[in-house]
1. Is it the case that region B:507-524 has a residue that's within 16 Å of ligand 2 (Cβ to nearest atom), surrounded by 15 or more Cβ atoms within 10 Å (Cβ to Cβ) and not charged (D, E, K, R)?
2. When region B:403-419 is examined, which residues are found to be within 20 Å of B:His84 (Cβ to Cβ) and either more than 11 Å from ligand 2 (Cβ to nearest atom) or surrounded by 24 or more Cβ atoms within 10 Å (Cβ to Cβ) (or both)?
3. Kindly indicate the residue of region B:29-84 that is away from ligand 1 (no atom under 14 Å from the Cβ) and β-branched (Val, Ile, Thr) and also nearest to the other protein chains (Cβ to nearest Cβ) among those meeting that condition.
4. Out of region B:415-432, which residues are out of contact with any Cys (no Cβ under 9 Å at 6 or more places or on another chain) and within 10 Å of ligand 1 (Cβ to nearest atom)?
5. Output the residues belonging to region B:443-469 that are out of contact with any Cys (no Cβ under 9 Å at 6 or more places or on another chain) and part of a loop (DSSP other than H, G, I, E, B).
6. Looking at region B:451-479, which of its residues are within 14 Å of another protein chain (Cβ to nearest Cβ), modelled with pLDDT of 95 or more, open to solvent by 10 Å² or more (accessible area, probe 1.4 Å) and more than 9 Å from ligand 1 (Cβ to nearest atom)?
7. Residues of region B:181-197 being under 21 Å from B:Gly133 (Cβ atoms) and in contact with a Phe, Trp or Tyr (Cβ under 6 Å, 6 or more places away or on another chain), which ones?
8. Kindly check whether there is at least one residue in region A:14-37 that is touching a residue at least 60 places away in the same chain (Cβ under 8 Å) and within 14 Å of chain B (Cβ to nearest Cβ).
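The values are calculated or read from the model by the stated rules, or taken from the named source; none is laboratory data. Model, not experiment: these values are computed from the prediction. So basically every Cβ, Gly included, is an ideal-geometry build from the backbone, and we count neighbours across all protein chains shown. Accessible surface areas use protein heavy atoms only, side chains included; no ligands, DNA or RNA. Shrake-Rupley method; radii C 1.70, N 1.55, O 1.52, S 1.80 Å.
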Amino acid sequence: MKIVTANRLSDGRVIYAGAGNQPVEQLAQASVLDEATAEIVLADVAGRPDVFVNPYLFDVQDRTPSGRDRLKERIRSAGPTVGHSVVGGVG
Amino acid sequence: MYRYDEFDHALVRERVEEFSDQVARRASGALTEDEFKPLRLMNGVYLQLHAYMLRVAIPYGVMSSRQMRRLGHIARTYDKGYGHFTTRCNIQYNWPALTDLPAILSDLADVEMHAIQTSGNCIRNTTTDVFAGAADDEIEDPRPWCEIIRQWSTIHPEFSFLPRKFKIAVIGAGKDRAAIRTHDVGLQIVKGEDGETAFRVFVGGGQGRLPHIGQEIASAVPAADLLAYLTAILRAWNLLGRRDNIHKARIKILVASLSIEAFREEVDKHYATLRHEDLRVPEDEAERIKAYFAPPPFEDLPKVSGPFDRAMLADPDFARFARNNVRRHRQPGYASLVVSLKPVGGVPGDITADQMDVVADLAERYSFDELRAAYEQNLVLPHVKLDDVPTVWRALREAGLATANADLATDVIACPGLDYCSLANARSIPVAQALSRRLADLDYQERLGPVRINMSGCINACGHHHVGHIGVLGVDRKGEEYYQITVGGSPDEQAALGDIVGKSLPADEVAPAIQRTLDRYLKIRAEGERFIDTVRRVGPDPFRDAIYETLDATA
Ligand code: HEM
Ligand code: SF4
């Protein structure tokens with residue numbers, strides 16, 4: 001199964017295509033699509049470059065990123081795995 | 001410090017206006033991403049995993065307190081309260097919104113800063129020795145020459161569409177503290193036969209996918225002809241460099257495929273005509289620029305300082321800082337201080353907005369208003385009175401900036417890796433953090449002496465792993481992070497690429513394997529040998545054995 005993802009134009013944050021092909025921020029809200037539908041959704045969001053920048057598909061199993069971009073998509077959905085030098089870290 | 005003239009001001013302001021308009025048109029949908037991308041890259045704006053990334057140029061790594069405060073202001077106002085210093089003496093912001101970028105660039109322009117030519121196929125920010133103008137072994141201050149190169153290379157029409165990016169570094173001492181032989185062009189100030197300033201020129205160095213150490217192309221180009229010679233090099237490459245394959249477009253590939261002799265002939269052909277044109281650096285102009293870099297008004301001080309010596313005796317923590325982070329200065333009674341951005345378990349190169357303010361204040365009060373960005377992802381206060389060092393140290397310590405590990409094992413260079421970078425194969429920051437925690441004991445680190453450990457999250461080598469004494473490269477094995485270890489690289493005047501020791505390791509094995517490598521060194525080193533000396537003497541084999549010893553036992 002596949003999910004459509006992109007970066008949001010205004011701030012670059014990770015977004016996904018959710019219900020009604022609307023942008024959603026959480027992986028949990030993303031639509032999980034079969035191969036054929038995924039291509040259609042991808043084409044649809046590619047036609048909205050004022051929201052979706054660089055849209056593409058990645059593989060999921062039970063909504064968890066899998067395949068070649070497994071790690072990258074995990075980090076994209078959850079944020080950097082590191083804080084910064086200040087104890088406690090930030091966002 | 002160099003001050004903008006009216007042309008610089010006008011140019012940077014015009015660029016901000018132009019880019020504001022481009023951002024507005026992108027935001028309204030009038031420009032597509034394909035149209036916008038080259039425009040944003042011309043202004044240092046990348047799109048990474050989680051957000052846009054803005055890379056700001058710090059010309060030859062030199063900053064005033066006012067500029068540093070402004071960098072802090074930007075971190076606080078438009079980012080998440082911190083910034084990241086890189087191996088290219090730039091600062092990167094990881095979280096700016098597209099719509100804030102014009103305001104950020106305008107804030108930068110107020111303090112004579114910008115992001116022009118921090119990306120794309122152009123001549124990038126020229127770098128230099130972080131102790132330029134302060135080091136006691138310097139023949140001549142390289143910064144005026146960096147400034148001359150900056151003026152020549154900024155928006156140079158002939159060099160706006162190069163085959164690939166192009167990086168120049170300049171040093172003014174025999175000791176190479178700027179890794180010049182890993183640059184497309186490395187320049188070393190020497191004295192010509194007549195005693196006049198000249199440049200020894202290295203060409204074709206670079207890291208990335210196909211690393212090369214720069215080769216000497218000229219032994220003493222007269223200073224007045226420097227720009228003619230650089231133009232000749234760029235022209236030769238611009239004409240002959242491959243544009244059909246992005247991986248083969250760098251000058252290192254051209255030099256390696258032609259041979260240095262044949263490339264030299266090409267360059268000399270252009271140089272023969274160029275050196276008689278108006279590219280000669282006029283002496284009065286060189287003098288005018290040099291005046292901006294005149295030494296600050298140092299006091300006449302004795303070589304030794306009572307307060308410094310007393311603090312050494314009284315406080316072992318200060319003594320340690322003095323041993324590891326304080327560098328000899330050309331002016332008696334002064335020193336340069338390395339401000340480590342590598343606290344135990346920290347992210348190499350990260351600094352918060354509040355910390356930026358602290359360092360700016362300290363520079364203003366104690367270092368003639370000057371700060372430097374080091375390629376090791378640290379900062380330097382270049383001109384501190386020895387008498388003041390204990391006071392400065394206390395203030396740094398309070399701000400978490402006094403880790404006494406400059407050039408030691410936890411002074412790790414690491415690129416952002418897969419936590420931020422869209423090109424990465426693996427994470428580098430958490431591996432650097434694990435190593436930093438493991439080797440945290442400063443007694444142990446001092447016993448080891450200087451060791452350069454560098455990590456990159458992919459073959460682009462932003463973390464300089466090829467020239468680390470120990471290098472770590474993240475690779476992807478079927479969606480799992482693995483790390484290839486190299487030993488024996490060196491970034492300095494004995495520049496060398498490290499040898500790959502064997503099969504790559506899983507993430508949690510990297511720090512223990514490096515510690516075993518260092519322990520092996522402690523066992524086999526000869527009297528007075530640094531880690532790299534031992535590697536050069538015995539080769540990589542004993543270290544390979546150390547790295548794989550436990551792994552083999554369990555395999
Ligand atoms: C996160 C955004 C970054 C991106 C997308 C990026 C991209 C790249 C790419 C594509 C190359 C290879 C160029 C080539 O071989 O022609 C490269 C090289 C390099 N980058 Fe980065 N980089 C990033 C961040 C950094 C950072 C944070 C540093 C410093 C810590 C850095 C320093 C360097 C250096 C030193 C090289 C080697 C240049 C050479 O000798 O060829 N970059 N970068
Ligand atoms: S080395 Fe690779 S992972 Fe690291 S910053 Fe450069 S491009 Fe990104």
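1. Within region B:507-524, the subset within 16 Å of ligand 2 (Cβ to nearest atom) is B:507, B:510.
Then keep just the ones that are surrounded by 15 or more Cβ atoms within 10 Å (Cβ to Cβ); that gives B:507, B:510.
Of the ones still in play, those that are also not charged (D, E, K, R) are B:507, B:510.
Yes: one or more hits.
2. Here is the first cut: in region B:403-419, the ones within 20 Å of B:His84 (Cβ to Cβ) are B:403, B:405-406, B:410-419.
Of everything in region B:403-419, those that are within 20 Å of B:His84 (Cβ to Cβ) and either more than 11 Å from ligand 2 (Cβ to nearest atom) or surrounded by 24 or more Cβ atoms within 10 Å (Cβ to Cβ) (or both) turn out to be B:Thr403, B:Asn405, B:Ala406, B:Thr410, B:Asp411, B:Val412, B:Ile413, B:Ala414, B:Cys415, B:Pro416, B:Gly417, B:Leu418.
3. B:Thr32
4. Here is the first cut: in region B:415-432, the ones out of contact with any Cys (no Cβ under 9 Å at 6 or more places or on another chain) are B:419-420, B:422, B:427, B:430-432.
Of everything in region B:415-432, those that are out of contact with any Cys (no Cβ under 9 Å at 6 or more places or on another chain) and within 10 Å of ligand 1 (Cβ to nearest atom) turn out to be B:Asp419, B:Tyr420, B:Ser422.
5. B:Gly449, B:Pro450, B:Val451, B:Arg452, B:Ile459, B:Gly468, B:His469
6. At the first step, the residues of region B:451-479 found to be within 14 Å of another protein chain (Cβ to nearest Cβ) are B:455, B:457-458, B:474-479.
After this cut, where a residue has to be modelled with pLDDT of 95 or more as well, the list is B:455, B:457-458, B:474-475.
When the remaining residues are screened for being open to solvent by 10 Å² or more (accessible area, probe 1.4 Å), the result is B:458, B:475.
The one that is within 14 Å of another protein chain (Cβ to nearest Cβ), modelled with pLDDT of 95 or more, open to solvent by 10 Å² or more (accessible area, probe 1.4 Å) and more than 9 Å from ligand 1 (Cβ to nearest atom): B:Val475.
7. B:Gly186, B:Leu187
8. The first filter runs over region A:14-37 and keeps only residues touching a residue at least 60 places away in the same chain (Cβ under 8 Å), leaving A:14.
Within this subset, residues satisfying the condition of being within 14 Å of chain B (Cβ to nearest Cβ) are A:14.
Among the residues of region A:14-37, at least one is touching a residue at least 60 places away in the same chain (Cβ under 8 Å) and within 14 Å of chain B (Cβ to nearest Cβ), which makes the answer yes.
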